[in-house]
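Report on the structure given below.
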Amino acid sequence: MLCSPSPSASSRTSEEVAPPVQQCFMIPKKEINVVSDMAKWKRSQAYADYMGFILTLNEGVRGKKLTCEYKVSEPIEKLVALLNTLDRWIDETPPVDQPSRFGNKAFRTWYAKLDQEAEKLVSTVIPKHLADAAPEVAVYLKESVGNSTRIDYGTGHEAAFAAFLCCLCKIGVLRVDDQMAIVFKVFNRYLEVMRKLQKTYRMEPAGSQGVWGLDDFQFLPFIWGSSQLIDHPSLEPRHFVDEKVVNENHKDFMFLECILFITEMKTGPFAEHSNQLWNISAVPSWSKVNQGLIRMYKAECLEKFPVIQHFKFGSLLPIQPVTS
């Protein structure tokens, strides 16, 4: 996988990173239709590449602050510009008056615009010689913002965005030295846009486990955010339930930014509305938190049929069994 570090990665030329010209791109489609199909997913090249991507980024941001210095390449800048466009469209599509409090129908108008423009947006990020990849990669972008019928958003949509970034790595648009920028600049901007969508259109949490789930909407920023905090000289897991600590440090750490958003959106005692997180605050070290969250992510998201039935497979994330 091109995004996982390999000894020769930094010495590759752009020609070598670009896929062979005869790569046949395809429109990704659903392959997990019944519960028994889940075994295919867990054996697939897509699962191996997706998980490898998540874990590579997990290592890449270990012990690093959001505010630290890192390289920002041109594709990273273009991805941020793409997300800024989605943000601007929210401003241009205000919520409509409607009787029900949740699931504002204006989201459908906003989504229709993305549906129409996704390929064009993706084409701004990928070089001309890879133009054929745009329709395949664009599918993951469209899947990453929520469901326009149900007006909901959840970890399956978040996974589609990670898959979108993973595909950009596989075609060589994003490189090994983009790792920190992928999480701190692109994924962090994506989170800001998703929070704005969730708030503006009062989106329902997709497949939420309520008080027993980690979070109504996201999971990955807790994994990568806990990695950022590994070996921190003073911040321990028990500190993230302290409002003062969160207020003083959220700009540096993704995990604390997530906690801040939860406390803004929910009322009542933290232990009641976010019981799982409350339990995590009792874990002695951030490395244990990080390992536990990775296990939980596999069990609660990647191995759950209601989440994975929506995942789409193409030439870049294939359903075929792992070859290597």
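The values are calculated or read from the model by the stated rules, or taken from the named source; none is laboratory data. All of these numbers come straight from a predicted model, not from anything done at the bench. Note: ideal-geometry Cβ built from the backbone for every residue, glycine included; neighbour counts use all protein chains shown. The protein model used for the area step is the full one, side chains on, heavy atoms only, and it has no ligands, DNA or RNA in it. Shrake-Rupley method; radii C 1.70, N 1.55, O 1.52, S 1.80 Å.
Scan the range 252-275 residue by residue and report those that are loosely packed, with under 13 Cβ neighbours inside 10 Å and touching a residue at least 40 places away in the same chain (Cβ under 8 Å).
E272
List every residue pair whose Cβ atoms lie under 8 Å apart, where the two residues are 6 or more positions apart in sequence or sit on different chains, the first residue falls within the range 52-78 and is touching a residue at least 60 places away in the same chain (Cβ under 8 Å), and the second residue, located anywhere, is assigned to a loop (DSSP other than H, G, I, E, B) and of a type in the set (S, T, N, Q).
Filtered contacts from the range 52-78: F53/S4; T56/S4.
Go through the range 240-275 and give me each residue that's small (G, A, S) and either over 18 Å from Q218 (Cβ atoms) or in contact with a Lys or Arg (Cβ under 6 Å, 6 or more places away or on another chain) (or both).
The answer is G268, A271.
List the number of the failed condition for L317; all other conditions in (1) closer than 30 Å to C24 by Cβ; (2) hydrophobic (A, V, I, L, M, F, W, C); (3) in a helix (DSSP H, G or I) hold.
Single failed check for L317: (3).
Need pairs with beta-carbon distance below 6 Å; first residue open to solvent by 40 Å² or more (accessible area, probe 1.4 Å) and within the range 295-324, second part of a helix (DSSP H, G or I); sequence gap 6+ or separate chains.
F305/V35; F305/M38; H310/G156; K312/V139; Q320/Q45; P321/R43; V322/Q45; V322/A48
Checking G172 against (1) over 19 Å from F217 (Cα atoms); (2) open to solvent by 40 Å² or more (accessible area, probe 1.4 Å); (3) in contact (Cβ under 8 Å) with a residue 24 or more places away in the chain: exactly one of these is not met. Which one?
(2)
So which residues in the range 129-155 are among the hydroxyl-bearing types (S, T, Y) and open to solvent by 40 Å² or more (accessible area, probe 1.4 Å), if there are any at all?
T149
Report whether or not D231 is touching a Gly at 6+ places or on another chain (Cβ under 9 Å) and either in a helix (DSSP H, G or I) or modelled with pLDDT of 95 or more (or both).
Spelling it out, D231 is indeed touching a Gly at 6+ places or on another chain (Cβ under 9 Å) and either in a helix (DSSP H, G or I) or modelled with pLDDT of 95 or more (or both).
If you check G210 against the conditions, is it open to solvent by less than 40 Å² (accessible area, probe 1.4 Å) and either at positive phi or at pLDDT below 95 (or both)?
Yes; evaluated as a whole, the condition is true for this residue.
Among the residues of the range 40-50, how many are open to solvent by less than 10 Å² (accessible area, probe 1.4 Å) and either closer than 13 Å to Q320 by Cα or modelled with pLDDT under 95 (or both)?
3
Just one of K298, K244, K251, K304 is within 15 Å of the chain's Cα centre (by Cα) and basic (K, R); which is it?
K298
Restricting to the range 103-128, what's the tally of residues that are exposed (fewer than 14 other Cβ atoms within 10 Å of the Cβ) and farther than 20 Å from E92 by Cβ?
Number of matching residues: 1.
In the range 234-251, what count of residues is obtained for those that are among the polar types (S, T, N, Q) and part of a helix (DSSP H, G or I)?
Here the count works out to 2.
For the range 225-234, indicate whether the set of residues that are open to solvent by less than 30 Å² (accessible area, probe 1.4 Å) and touching a Cys at 6+ places or on another chain (Cβ under 9 Å) is non-empty.
Taking every residue of the range 225-234 in turn, at least one turns out to be open to solvent by less than 30 Å² (accessible area, probe 1.4 Å) and touching a Cys at 6+ places or on another chain (Cβ under 9 Å).
Return the residue satisfying two criteria in turn: it lies in the range 252-304 and is small (G, A, S) and assigned to a loop (DSSP other than H, G, I, E, B), and of such residues it is nearest to W41 (Cα to Cα).
Step by step, filter the range 252-304, then rank; the result is S274.
Look at the range 23-39 and say how many of its residues are within 29 Å of A134 (Cβ to Cβ) and either open to solvent by less than 80 Å² (accessible area, probe 1.4 Å) or in a loop (DSSP other than H, G, I, E, B) (or both).
10
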